[in-house]
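Here's the structure we're looking at; comments come further down.
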Amino acid sequence: MFWRFFSLLFLLSFGAALGYFWGGAKTVLTAWASLLSGALLAGLLWWLLDALRGLRVVSWLRQGDLDRAPQTIGLWGEVVDRTRRLLRERERALLASEQRLKDFLLAIQASPNGVMLLDDQTQIEWCNQTAAAQLGINTERDLMQRIGNLVRDPVFMAYMSTPEPGEPVVIAGRDDREGHPVRIFVQRHRYGEGKQLLITRDVTALEQAEAMRRDFVANVSHEIRTPLTVLSGFVETLQTLPLSAHEQQRYLALMATQAHRMQSLVEDLLTLSRLEGSPNPGYQSNLSVSQLLRFCQQEAQALSSLLDAHGMPQSLTFSADPSLSDAVLLGEPRELQSALSNLVSNAVRYTPAGGHIDVKAQVLPDGSLRFAVQDTGPGIAAEHVPRLTERFYRVDRSRSRESGGTGLGLAIVKHVMQRHGGHLSIQSVQGQGSCFTLTLPPVRWRQHAA
């Protein structure tokens, strides 16, 4: 401001002096007229120059290009400097806000939960990939489309039609189909001027776990209740009726059978609990492949003789690749032995008299080790195969109980394979037989014992 006043005063003085010298000073009146004329012309010149600088500043402000700020001095120079500084601060703040918004959207995009923003007309303003995948929405094509036109589930439509958000609902997901359920949790919240926020979450695993928990409790209760009922009946009979020694022995034998059944059930439950709660086995312990096959063969022959004492004997074949003669498995020997023994025992129990059971150990091209148990039993219908490893799942409940099974054997086998990095696969054709396969990764075996 001082420079502006000083420049105006200097120019007025300089103009008045020029007017005085050029106009002459014949009289006092002409001298004053010359002074005033020179000062007026100098003031007009100063105003024109100042207006020109102001127009340059206004033109720069209209363009908004910070890198092309006019070079000027005085008040307009101060205005340019302060404006440029303020605009740069605003620009930095805007860039920081945009970066925070991008980070926020990236965080929502990475969220395992689906997030969708709807305007006051329930049109999609934005949604992350999780919500799009769960509800079957294209994030580019379906923006600004009404959510009710894209998700036609009756439960969802009824939920969205209510004025105020109520209790969240669970609907079928986009990939839901028979045998492969997909359940999506949906909850809405209001915000802003009539806008809504939708939160989605895949709860398929939770619902399946809850269903498995209910089935597990119901199955355990049923499996234990049956032998307990039999035991209670026999005990009451022994206490109330006069029985001969032969009858007493028969009832006691039946009671022992039911007690053994409950003991087997408890042992299998404890085995499952131990498998699920303990760390994966290391590589220090080992089990010879030849020894494992010999043990399973002896066990299978004994069981086959017991089950088919008066019928045509079963044919049992155990073989291994020549390269496995000195091979050992690396892991928990008891678990690995239990897994293969379970499959062989099941094959013996469910293969009729005169049938054939073939057990092979072979090395696959990728270095994995496979144990295959092939039988000529009745086979299993295709709809039962995916559920065979569920706890207490039986294709034929009465036959399983008669054979002494608890319904937990294949669940134990599956957990043993998972703990050793392998997997259990099942192939079966009804009326032709089944093939149960254990596959262990290359790191779980070696050619020679250390």
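The values are calculated or read from the model by the stated rules, or taken from the named source; none is laboratory data. Note that the structure is predicted; figures quoted are calculated from it, not measured. Positions of Cβ are generated from backbone atoms using ideal geometry, with glycine treated the same way; all protein chains shown enter the neighbour counts. Accessible surface is based on the protein model in full, side chains and every heavy atom, while ligands, DNA and RNA are left aside. Shrake-Rupley method; radii C 1.70, N 1.55, O 1.52, S 1.80 Å.
A search for C-beta distances below 8 Å between a residue of segment 274-301 that is more than 14 Å from F371 (Cα to Cα) and hydroxyl-bearing (S, T, Y) and any residue that is open to solvent by less than 30 Å² (accessible area, probe 1.4 Å) and in a helix (DSSP H, G or I), counting only pairs 6+ apart in sequence or on different chains, returns Y283/R444. Every condition in (1) acidic (D, E); (2) exposed (fewer than 13 other Cβ atoms within 10 Å of the Cβ); (3) over 30 Å from P386 (Cα atoms) is met by E178 except one, and the failing one is (3).
For the structure I just gave you, tell me whether D67 is open to solvent by less than 90 Å² (accessible area, probe 1.4 Å), assigned to a helix (DSSP H, G or I) and at pLDDT below 70. Steps first, please.
On the way: open to solvent by less than 90 Å² (accessible area, probe 1.4 Å): no; assigned to a helix (DSSP H, G or I): yes; at pLDDT below 70: yes.
Answer is no for this residue.
Scanning segment 239-256 for residues that are within 57 Å of the chain's Cα centre (by Cα) and either of a type in the set (A, V, I, L, M, F, W, C) or open to solvent by less than 80 Å² (accessible area, probe 1.4 Å) (or both) yields Y251, L252, A253, L254, M255, A256.
If a residue must be without any contact (Cβ under 8 Å) to a residue 24 or more places away in the chain and of a type in the set (A, V, I, L, M, F, W, C), how many such residues does segment 107-123 contain? Don't jump to the end; show me each part of the working.
Initial filter on segment 107-123 (without any contact (Cβ under 8 Å) to a residue 24 or more places away in the chain): 107-111.
From what's left, of a type in the set (A, V, I, L, M, F, W, C): 107-108, 110.
Of the residues in that region, 3 qualify.
For segment 211-223, which positions are open to solvent by 40 Å² or more (accessible area, probe 1.4 Å) and either among the aromatic types (F, W, Y) or at pLDDT 75 or above (or both)? If the condition is that a residue be open to solvent by 40 Å² or more (accessible area, probe 1.4 Å) and either among the aromatic types (F, W, Y) or at pLDDT 75 or above (or both), then R214, F216 are the ones that fit. All conditions in (1) without any contact (Cβ under 8 Å) to a residue 40 or more places away in the chain; (2) over 35 Å from the mean Cα position of the chain (by Cα) hold for L388, with the sole exception of (2).
Y283 meets all of the listed conditions (1) surrounded by fewer than 15 Cβ atoms within 10 Å (Cβ to Cβ); (2) under 21 Å from G407 (Cα atoms); (3) of a type in the set (F, W, Y) but one, namely (2).
Just to be sure, is L329 surrounded by fewer than 20 Cβ atoms within 10 Å (Cβ to Cβ) and either outside any helix (DSSP H, G or I) or among the aliphatic types (A, V, I, L, M) (or both)? Give the derivation first.
On the way: surrounded by fewer than 20 Cβ atoms within 10 Å (Cβ to Cβ): no; either outside any helix (DSSP H, G or I) or among the aliphatic types (A, V, I, L, M) (or both): yes.
For L329, the condition - surrounded by fewer than 20 Cβ atoms within 10 Å (Cβ to Cβ) and either outside any helix (DSSP H, G or I) or among the aliphatic types (A, V, I, L, M) (or both) - is not met.
Of the residues examined, D358 is one that is outside any helix (DSSP H, G or I), over 22 Å from G421 (Cβ atoms) and open to solvent by 20 Å² or more (accessible area, probe 1.4 Å). The set of residues in segment 257-276 being surrounded by 13 or more Cβ atoms within 10 Å (Cβ to Cβ), under 23 Å from L410 (Cβ atoms) and small (G, A, S) consists of S264 alone. Can you list residue pairs whose Cβ atoms sit under 6 Å apart, with the first residue in segment 423-450 being open to solvent by 70 Å² or more (accessible area, probe 1.4 Å) and the second being charged (D, E, K, R)? Count only pairs 6 or more apart in sequence or on different chains. The qualifying pairs are H448/D326. If we scan segment 194-213, do we find a residue that is of a type outside the set (F, W, Y), at positive phi and in contact (Cβ under 8 Å) with a residue 60 or more places away in the chain? Within segment 194-213 (the criterion being of a type outside the set (F, W, Y), at positive phi and in contact (Cβ under 8 Å) with a residue 60 or more places away in the chain), the answer is yes, since at least one residue qualifies. Residues that are buried (at least 16 other Cβ atoms within 10 Å of the Cβ) and assigned to a strand (DSSP E or B) within segment 286-321 comprise N286, L287, S288, L316, F318, A320, listed in sequence order. From L388, L364, L369, grab the single residue that is open to solvent by 20 Å² or more (accessible area, probe 1.4 Å) and of a type outside the set (K, R). Of the residues listed, the single one that is open to solvent by 20 Å² or more (accessible area, probe 1.4 Å) and of a type outside the set (K, R) is L364.
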